[in-house]
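A.B. asks: What follows is a structure written as structure tokens; I'll ask about it next.
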Amino acid sequence: MVTTLIDTQQNTWSDVFSTKYGAIYQSDAERCWYVDFAGKVAKFDYRCLLKLKKAVYNVDIEAKLLQSTKDPDIEILFICACDHCYILSLLQIIALKDLLEGTFVMLQLNHILQDRLYRIAI
Amino acid sequence: MKDLIRIRSLISAEVEALLNQQVRKEAFSSAVYLSMASWCNHNGYDYSSEYFFKQADEERQHQLKFFKYILDMGGNAISPEITGIKQEYNSFREVFEDALDQEINVTQSIQNIYARCLKEQDFVTNEFLNWFLKEQREEEYKARRALELFDVIGEEGTGRWQIDRHIGDIKYDSGA
Ligand SMILES: [Fe+2]
Ligand SMILES: [Fe+2]
């Protein structure tokens, strides 16, 4: 996984969280996140990232695992008003959920740090 | 790394979800009161019907207060789906018993949000909730007073007619 990517406008992406299967970066300049998962890097703003999280968390993984029907284990995550759509297997859903869980913990941690270290010091 | 989420919204995702849940509860209360107004009206309890119409209006205002607060803080307010409104009551008294139950539920729900905000040190939302805590004092008082009329006046003879006449007079003006 790349640690820090530099784009053409010298825009730094900060690492938010990464796993064996993907990574999420934040661009302060563009006020958005880049989700590197399932073979593509997709840009999400605040609302869309929350929608992605909701869509992933809404998949009932346990129910899918217990399902004995023969249809394929494929989930289509379509996120309203966002440009991206994911077609994922159940294992990928689990991996994406992992990635998002870690990401939101890190964002929360960042919020606490900003609060306790910087905002109070100013 | 900038705190992008905080820039977009004053309230946390958890508090936002709780507030949206409260929007739904207030909308539900409004719909229930409307149903009570209808039942009282066609059973001949005109004053009580009027009382519940007013309550339905108030609950709608509460719903909008929460709704606008969520938006003002940068959150996403969700217009709720309301189903499962009870339309039939077994007795005049049952209507008021349900009304009190409902207000107790709302008070508990608001206290629950308050507790969450304290934990997060979201004092801004707590300050907003203070208005509702005070309002719930009045709401529970009125509902309890109404129910007490059934015991004080009694339902025999022209009792229910008397109770109905007194429902509209219930007021809460505490100095506290
Ligand atoms: Fe209310
Ligand atoms: Fe109420």
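Read-outs throughout are calculated quantities, based only on the coordinates presented, and are distinct from any laboratory measurement. Because the structure is a prediction, the values reported are computed rather than measured. A quick note on method: Cβ atoms are made from the backbone with ideal geometry, for glycine too, and the neighbour counts reach across all protein chains shown.
A.B. asks: I need the calculated FRET efficiency for the pair A:Lys40 and B:Arg137, taking r as the beta carbon distance and R₀ as 45 Å, to the nearest 0.05. Intermediate results must be reported in sequence, preceding the final value.
C.D. replies: Numbers: r = 55 Å, r/R0 = 1.22.
The pair A:Lys40/B:Arg137 has a calculated efficiency of 0.25.
A.B. asks: Here's a follow-up. Can you list the cysteines of chain A that have no other Cys Cβ under 4.7 Å away?
C.D. replies: Singleton cysteines: A:Cys32, A:Cys80, A:Cys85.
A.B. asks: Summarise the long-distance tail of P(r) for region A:75-117 by giving the % of C-alpha pairs beyond 17 Å. Could the numbers behind the result be given before it?
C.D. replies: Numbers: 461 of 903 pairs.
The answer is 51 percent, as a whole percent.
A.B. asks: Where in chain B are the DSSP H helices whose alpha-carbon span along the long axis reaches 30 Å or more and whose Kyte-Doolittle mean is at least -1.0?
C.D. replies: Numbers: long enough: B:13-42 (44 Å, -0.04); B:46-72 (39 Å, -1.16); B:92-120 (43 Å, -0.45); B:123-153 (45 Å, -0.53).
Counting only whole DSSP H runs, the qualifying helices are B:13-42, B:92-120, B:123-153.
A.B. asks: How tilted is helix A:90-113 with respect to the longest principal axis of chain A? Cα atoms for both, answer in degrees (0 to 90, nearest 10).
C.D. replies: Roughly 20 degrees, rounded to the nearest 10.
A.B. asks: Pick out, from B:Gly44, B:Gly168, B:Asn112, the residue whose Cα sits farthest towards the positive end of the charge dipole of region B:26-176, with +1 on the Cβ of Lys and Arg and -1 on the Cβ of Asp and Glu.
C.D. replies: Toward the positive end, the furthest listed residue is B:Asn112.
A.B. asks: Hey, what angle do you get for helix A:46-57 against the long axis of chain A, alpha-carbon based, 0 to 90 degrees rounded to 10?
C.D. replies: With rounding to tens, the tilt is 30 degrees.
A.B. asks: Right, here's the next one. So if I place +1 on the C-beta of Lys and Arg and -1 on the C-beta of Asp and Glu, and nothing else carries charge, what would the dipole magnitude of region A:4-121 be about its Cα centre? I want it in debye, nearest 20. Show your work: numbers first, answer last.
C.D. replies: Working: 13 positive and 15 negative charges, 41 e Å.
Here region A:4-121 has a charge dipole of around 200 debye.
A.B. asks: Another question, then. With point charges of +1 on the Cβ of Lys and Arg and -1 on the Cβ of Asp and Glu, referenced to the Cα centre of region A:4-121, which listed residue (A:Ile24, A:Phe104, A:Thr12) lies farthest in the positive direction of the dipole?
C.D. replies: A:Phe104
A.B. asks: Here's another thing I want to ask about it. If you take the beta carbon distance between B:Glu14 and A:Thr12 as r and set R0 to 35 Å, what does 1/(1 + (r/R0)^6) give as a FRET efficiency, to the nearest 0.05? Please report the intermediate quantities before stating the final value.
C.D. replies: Values: r = 30 Å, r/R0 = 0.86.
Efficiency, from the Cβ-Cβ distance: 0.70.
A.B. asks: What does the charge dipole of the protein assembly as shown about its Cα centre add up to, to the nearest 20 debye, if the Cβ of each Lys and Arg holds +1 and the Cβ of each Asp and Glu holds -1? Write down the numbers at each step before the final one.
C.D. replies: Details: 34 positive and 46 negative charges, 211 e Å.
It comes to approximately 1020 debye.
A.B. asks: Here is a further query. Give me the base-10 log of I(q)/I(0) for chain A at each q in 0.13, 0.14 Å⁻¹, Debye formula, one uniform scatterer per Cα, rounded to two decimals.
C.D. replies: -0.58, -0.66
A.B. asks: As an exercise, identify the trypsin sites (Lys or Arg not before Pro) in region A:15-65 lying in DSSP coil whose Cβ has no more than 13 other Cβ atoms within 10 Å.
C.D. replies: Here the trypsin sites (Lys or Arg not before Pro) that fit, given the DSSP loop and packing criteria, are A:Lys20, A:Arg31.
A.B. asks: Pull up the cross-link candidates among the lysines for B:Lys142, meaning alpha carbon to alpha carbon under 26 Å and not fewer than 8 places away within one chain.
C.D. replies: Cross-link targets: B:Lys25, B:Lys54, B:Lys65, B:Lys86, B:Lys134, B:Lys171.
A.B. asks: Between the DSSP loop rule and a limit of at most 12 other Cβ atoms within 10 Å, which GluC sites (Glu not before Pro) in region B:1-82 are left? Let's see the in-between values first.
C.D. replies: Numbers: sites: B:Glu14, B:Glu16, B:Glu26, B:Glu50, B:Glu58, B:Glu59, B:Glu81; in loops: B:Glu81.
Passing both the DSSP loop test and the Cβ count: B:Glu81.
A.B. asks: Over all alpha-carbon pairs in chain B, figure out the percentage whose distance exceeds 26 Å.
C.D. replies: Numbers: 5705 of 15400 pairs.
Tail of P(r) above 26 Å: 37 percent of Cα pairs.
A.B. asks: Report the one residue of A:Leu90, A:Thr69, B:Gln87 whose Cα lies farthest in the direction of the positive end of the charge dipole of the protein assembly as shown (charges on C-beta: Lys and Arg +1, Asp and Glu -1; origin at the Cα centre).
C.D. replies: About the Cα centre, the residue reaching furthest to the positive side is A:Leu90.
A.B. asks: Grab every C-alpha pair in the protein assembly as shown, bin the distances at 5 angstrom width from 0 up to the longest one, and report whole percents.
C.D. replies: Going out from 0 Å in 5 Å bins, the protein assembly as shown shows 1, 5, 9, 12, 12, 11, 10, 9, 8, 7, 6, 5, 3, 2, 1, 0, 0, 0 percent.
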